[in-house]
Amino acid sequence: AQRVTQPEKLLSVFKGAPVELKCNYSYSGSPELFWYVQYSRQRLQLLLRHISRESIKGFTADLNKGETSFHLKKPFAQEEDSAMYYCALRSGTSYGKLTFGQGTILTVHP
Amino acid sequence: DTGVSQDPRHKITKRGQNVTFRCDPISEHNRLYWYRQTLGQGPEFLTYFQNEAQLEKSRLLSDRFSAERPKGSFSTLEIQRTEQGDSAMYLCASSLGDRAYEQYFGPGTRLTVT
């Protein structure tokens, strides 16, 4: 069975501070990991995926297979980063079905 | 708006009634997913269609739930004999085959069973 855990329901930082949203997963095969984001009154949308290894809106995430983690990081948080963030996993055999974590609400204070 | 649309946005029903939700995916997307989200949780997968074929169903999808995508375009999700535990946000998402990793989500239908 596959599982995604986001240990922090709430995370508060001040503008300009570094931010790290934690994500751990359990899956026996080779998963694909994603971060989805939901801004206030908007739809859930893809932020980034581990395969692309790109930085989106200043966010990066590295897949650590040894620690089974995929933490999302940004060196300098902005107020517009305040949102709900979900880590998600897709197995290689699942037709694209996503398994989501419980989500972390990030609040960036001015 | 050319994104995924869902109808209705809100539904209040009494326990025991049947409800049906509709999802219109992005027009060229051949894959369609239904998820359910309860308060404080992330979305949970319910079922998946590729074109008109329903290829995967979650154990969460009890016999009271049925989903269709008759012509490979819009999809419906029906819940029969609703229970209070069915109260949740029902999300639809679509994706294009070779970019199936990027799912585009609709606004959701919030169901309240009284």
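The values are calculated or read from the model by the stated rules, or taken from the named source; none is laboratory data. Please read these numbers as outputs of a predicted model, since none were measured by experiment. Every residue, glycine among them, receives a Cβ derived from its backbone with ideal geometry; neighbour counts consider all protein chains shown.
Results, tabulated for the structure shown:
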| item | result |
| --- | --- |
| In region A:46-102, residue farthest from the other protein chains (Cβ to nearest Cβ) [restricted to those that are polar (S, T, N, Q) and closer than 25 Å to B:MET89 by Cβ] | A:SER82 |
| Some residue of region B:14-23 being within 14 Å of chain A (Cβ to nearest Cβ), within 30 Å of A:THR104 (Cβ to Cβ) and at pLDDT 95 or above | yes |
| Count of region A:31-45 residues which are assigned to a loop (DSSP other than H, G, I, E, B) and either free of Cβ contacts under 8 Å to residues at least 24 places away in the same chain or within 11 Å of another protein chain (Cβ to nearest Cβ) (or both) | 4 |
| Residue selected from region A:74-104 under the condition exposed (fewer than 15 other Cβ atoms within 10 Å of the Cβ) and at pLDDT 95 or above, by the criterion nearest to A:LYS22 (Cα to Cα) | A:PRO75 |
| Residue list for region A:9-31, filter: under 12 Å from the mean Cα position of the chain (by Cα) and crowded, with 16+ Cβ neighbours inside 10 Å | A:VAL19, A:LEU21, A:LYS22, A:CYS23, A:ASN24, A:TYR25 |
| Scope region A:1-24; condition of a type outside the set (S, T, N, Q), in a strand (DSSP E or B) and either under 21 Å from A:GLU80 (Cα atoms) or away from chain B (no Cβ under 14 Å) (or both); matching residues | A:LEU10, A:LEU11, A:VAL13, A:PHE14, A:VAL19, A:GLU20, A:LEU21 |
| Residue list for region A:47-73, filter: assigned to a strand (DSSP E or B), farther than 21 Å from B:GLU102 by Cβ and of a type in the set (Lys, Arg) | A:LYS73 |
| Filter result for the condition that a residue is assigned to a strand (DSSP E or B) and either surrounded by fewer than 14 Cβ atoms within 10 Å (Cβ to Cβ) or more than 8 Å from chain A (Cβ to nearest Cβ) (or both), over B:ARG36, B:ARG59 | B:ARG36 |
| Which numbered condition B:ALA53 fails, given (1) hydrophobic (A, V, I, L, M, F, W, C); (2) loosely packed, with under 13 Cβ neighbours inside 10 Å; (3) more than 14 Å from chain A (Cβ to nearest Cβ) | (3) |
| Cβ pairs under 7 Å, 6+ apart, first in region A:59-81 and closer than 14 Å to A:GLN6 by Cα, second outside any strand (DSSP E or B) and aliphatic (A, V, I, L, M) | A:PHE70/A:LEU63 |
| Filter result for B:SER94 (within 14 Å of chain A (Cβ to nearest Cβ), of a type outside the set (Asp, Glu) and surrounded by 13 or more Cβ atoms within 10 Å (Cβ to Cβ)) | yes |
